[in-house]
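As structure tokens, the structure follows; a few thoughts come after it.
The values are calculated or read from the model by the stated rules, or taken from the named source; none is laboratory data. A quick note: this is a predicted structure, and the numbers were derived from the prediction, not measured. Note: ideal-geometry Cβ built from the backbone for every residue, glycine included; neighbour counts use all protein chains shown. Keep in mind that these areas ignore ligands, DNA and RNA; they rest on the heavy atoms of the full protein, side chains included. Shrake-Rupley method; radii C 1.70, N 1.55, O 1.52, S 1.80 Å.
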Amino acid sequence: MMMTNDKSVLKTLLIWFSWPVLFVTCMSITAYGFHIDMPLAFFNVAYVLLAVCLFFLERHLPHERKWLDPDGQTFSNIAHTMTSKGTIQGIVLFGGVIGLAELLEPGHVEPGQYGLFNLWPHEWPLAFQVVLGLVASEFMLYWSHRIAHEWMPLWRFHAVHHSVEKLWFVNTGRFHFVDSLVSVVLGSSILIVMGAPLDIIKWLSAVTAFIGMLTHCNVEVQCGPLSWIFNTPNLHRWH
């Protein structure tokens, strides 16, 4: 009886705390990477750790047990991730967007000015700047996503993401190249125009990656008030 109760308690704790604990852990690892000037390396460590944790959680605490059955799309999911998210993030974000951000840093424009418009509150604490960046970027991403659902030319590309029969962490990056390109450009361009520093753009890339995988996971979770702020699995499954 005691063992049964212990399992019940552990299950309850995982249902209520696995989502925020995993997110905070990944953010903490990434923050340490920024602290020692190795953000990309530690982001990759956090991303792999998150994938491993979700792999085991999906098998021991699934939201839909039938989604554990193979659907024949694993290779396609990974291929889409590599050719869309991987390529777009690498070429556009780290090559083009960040390159433009560096061009617009002080020294390349008029003294004391950042970006096309000197609107960014550089004096704010870093955490507040990241939150502001998320709000600004998500505003653009919301409209990009909505238009992709309502305008047929873009829906043809976005439909790739909705062509799955189950949700799990592996199909997080199942996007068409064009769909990802539009989202990354729109989500990042507003930050560059406002004059956001390079580190904010890097932080937003990390947050988006972690939330994306957590959003698609097939894990039974209860996020409570977190669903008022984040796109949690409880919300995304309706979408």
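Listed peptides 128-134, 48-54, 32-38 appear in the order 128-134, 48-54, 32-38 once ranked by packing, highest mean of other Cβ atoms within 10 Å at the front.
Over region 171-239, average the accessible area per residue using a 1.4 Å probe and give it in Å², no decimals.
Numbers: 2540 Å² over 69 residues.
Per-residue accessible area for region 171-239 comes out at 37 Å².
Protection proxy ranking, highest mean first, for peptides 145-153, 219-227: 219-227, 145-153, where packing is the per-residue count of other beta-carbon atoms within 10 Å, averaged.
Put simply, the amide H of Phe175, placed in the peptide plane, has neighbours under 5 Å in Thr81, Lys85, leaving out anything fewer than 5 places away on its chain.
Cα centroids of region 140-155 and region 171-195: 12 Å apart. Each of Asn44 and Leu119 was given a label point 7 Å from its Cα along the Cα-to-Cβ line. The distance between the two points is 3.5 nm.
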